[in-house]
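Engineer: Dropping the structure in here first, questions after.
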Amino acid sequence: MKNNLRVQRAIKNITQAELADLIQVSRQTINTIESGKYVPSTVLALKMAKVFGVNVEEIFDLEEGD
């Protein structure tokens, strides 16, 4: 699964730590999601979408074979 979390953060001008605080996870969790090492739960993905005011599909996208 690919994501554009870094782009969404840049648009809102928030750091990994600020996003982590808003959705109650660690900054390391945000880092591992951005790098594609971790796929967030549905609840976590929905929280992120709410912070950015977008649909989940605007942040996360299935790649071929996912």
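The values are calculated or read from the model by the stated rules, or taken from the named source; none is laboratory data. What you see is a predicted model, and the numbers here were worked out from it, not measured in a lab. Methodologically, a virtual Cβ is constructed for each residue, glycine included, from the backbone with ideal geometry; neighbour enumeration extends over all protein chains shown. The accessibility values were calculated without ligands, DNA or RNA, using every heavy atom of the protein model including side chains. Shrake-Rupley method; radii C 1.70, N 1.55, O 1.52, S 1.80 Å.
Engineer: Determine if the stretch 26-41 includes at least one residue that is of a type outside the set (A, V, I, L, M), touching an Asp or Glu at 6+ places or on another chain (Cβ under 9 Å), without any contact (Cβ under 8 Å) to a residue 40 or more places away in the chain and buried (at least 16 other Cβ atoms within 10 Å of the Cβ).
Structural biologist: Scanning the stretch 26-41, I find no residue that is of a type outside the set (A, V, I, L, M), touching an Asp or Glu at 6+ places or on another chain (Cβ under 9 Å), without any contact (Cβ under 8 Å) to a residue 40 or more places away in the chain and buried (at least 16 other Cβ atoms within 10 Å of the Cβ), so the answer is no.
Engineer: Output the residues belonging to the stretch 15-32 that are part of a loop (DSSP other than H, G, I, E, B) and either hydroxyl-bearing (Ser, Thr, Tyr) or under 12 Å from the mean Cα position of the chain (by Cα) (or both).
Structural biologist: Correct list: Thr15, Val25, Ser26.
Engineer: Can you tell me which residue within the stretch 42-66, out of those that are at pLDDT below 95 and farther than 17 Å from Val7 by Cβ, is least open to solvent (accessible area, probe 1.4 Å)?
Structural biologist: Gly65
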